[in-house]
1. Translational D (Stokes-Einstein, µm²/s) of the range 321-368 at 4 °C and 1.567 mPa s when Rh comes from the Kirkwood sum over C-alpha pairs?
2. I'd like to know how the range 249-355 sits against the 2.2 N^0.38 Å rule of thumb: what's its Cα Rg over that expected value?
3. Using a 1.4 angstrom probe with every protein chain in place, what is the largest-first accessible-area order of Lys257, Lys145?
4. Taking a probe of 1.4 Å, how large is the accessible area per residue of the chain, in Å²?
5. Thr152: accessible area at probe 1.4 Å, nearest 10 Å²?
6. Can you send over the solvent-accessible area of Trp233, 1.4 Å probe, protein chains only, in Å² to the nearest 10?
7. 222 nm [θ] for the chain, helices only, -39500 (n - 2.57) per DSSP H run of 4+, per residue, to 500?
8. How many percent of the accessible area of the chain is carbon or sulfur, using a 1.4 Å probe?
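The values are calculated or read from the model by the stated rules, or taken from the named source; none is laboratory data. What you see is a predicted model, and the numbers here were worked out from it, not measured in a lab. Virtual Cβ from ideal backbone geometry, glycine too; neighbours counted across all protein chains shown. These accessible areas exclude ligands, DNA and RNA; they are computed on the full protein's heavy atoms, side chains included. Shrake-Rupley method; radii C 1.70, N 1.55, O 1.52, S 1.80 Å.
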Amino acid sequence: MVSVLNVQQAPPGWRRHPSVVLAVILTAQLMVVLDATIVNVALPHIQRSLHFSNSSLSWVLNAYVLTFGGLLLLGARSGDLLGRRRTFIAGIALFSLSSLAGGFATSGAVLLAARALQGVGGALAAPAALALLTTFFPEGAARVKAIGLFTTVSAAGGALGLVAGGLLTEWASWRWVMFVNVPIGLAVLLVGRAVLIETPRRHGRFDMAGAITSTAGMTAVVFGLVEAGSRGWAAPVTFGSLMAGAALLHLFVRIEKTDPEPILPLRIMADRTRASANVARGLGYAGMYGMIFFLTQFLQDIQRHSSLITGIGFLPTPTSVFLASQLTSRVLVNRLPAKVLMIMGTACSALGLLLATQLHANTPYPQVLVSLILIGTGMGISFVSLTTAGLAGVAPSDAGAASGLINVMQQVGAALGLAVLVTVFDTVTPSARSGGLSAAAHAGATARTALVHGIDVTMAAGAGFALVALAIVALLVRTPAPAQVIEAADMELEAAAA
């Protein structure tokens, strides 16, 4: 591997040790990806320790997802304007400090604040990490190998997070799913400051108003949806949050129409196929994210499995996503139309969620396993073709924003979907509202039966997301040409770096 930077700029020994830079970037990516799943297995323990209700527990996930997804485009812009090394270092430092604070949290409010700050740090670090990778490694074999490792780490991080979360929670404490980021982040900071070189700063401005109104608007909507399940739709806090969210999102649209450098050019969503593909992607994540949230608690609180066994039990999902996406990108895209792949994948995910509606207290794991594999396989198959449709026909000047929008839709879809499913669960099982699912599960056989019924109904709602996505794909998405699949995949990587 050879650096794209000249010798005068390079630190001593850089040409001899390019793998050190790659190790820093991959470790940072692993930390950010790991955090998306490592907390899931610890949720029942967090709930009991900090006395979360079932609806408020969802914010342990959503506080991170909303800030990460809402500020992702702003984070990429920060790297352009402030320098990617500076942005990367700042993001890792914030992520590490907020992880430390979250590990010491003595109340739910402190933990949620730490999770939100983790999302901000991740939104700064993640785009800069891939951008630095493509800056240091020029086009050709060096970059292909580096991006291949980056992709592998991204895929493996989710699986590793499930196992690590189970190990740390069972052998130490749930607090270590937060503390574990501190030594990793410290190592990245120390080595990164020594080996990374700042990229040129570009001239431009931040669309701070757009970033704030979009993130605050989505947070208010999610808060209103979650409160609807516990307080009712007519409650002032529910109605007020939903109205405030709608007003902020309306203001965001107006800002993006008039801002000379918008964080999200609205023309990207003007194309029917691109808009439909992004919405379908968000709906797919809504169902899968909700499934993980409730199934984690089902396996531990209802079936009394340990945290480690639960984490291992979820491994088939990220494994299926990775294997199915590899098969699709290498084989199926050359043999089947992209729209057929979208329909196949979305239908497969819907089938897995429908199967999850048949849970009972003594459901054998093989039945759960089939559901996990179907959902993971469906997501893996549909990812490649939905990405193609989401980037098809995008002008080069909008490539970065279009690629970022794909990632944003995943996070927003996950947050909104989980909020809706928590509301459904709280409506069906009012006994779990105050003490949470964990406390209600210990109230007796009758309570456990009611909880499992609530989970089944909630999974049916999750399957409804997948079925709506299936209808959108079938009716509104045009079929991209096979050659566009490879072109769009290359474009997505380049755009993410830009």
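1. Values: Rh = 12.6 Å.
The Stokes-Einstein estimate is 103 µm²/s.
2. The reported ratio for this selection is 1.46.
3. Working: Lys257 150, Lys145 125 Å².
Order by accessible area, largest first: Lys257, Lys145.
4. On the way: 19310 Å² over 498 residues.
Normalised by residue count, the accessible surface of the chain is 39 Å².
5. Thr152 has an accessible surface of roughly 70 Å² with all protein chains in place.
6. 150
7. Values: 20 runs with 380 residues, N = 498.
Taken over the chain, the calculation gives -26000 deg cm²/dmol.
8. Values: 13290 of 19310 Å².
Accessible surface attributable to carbon and sulfur in the chain totals 69 percent.
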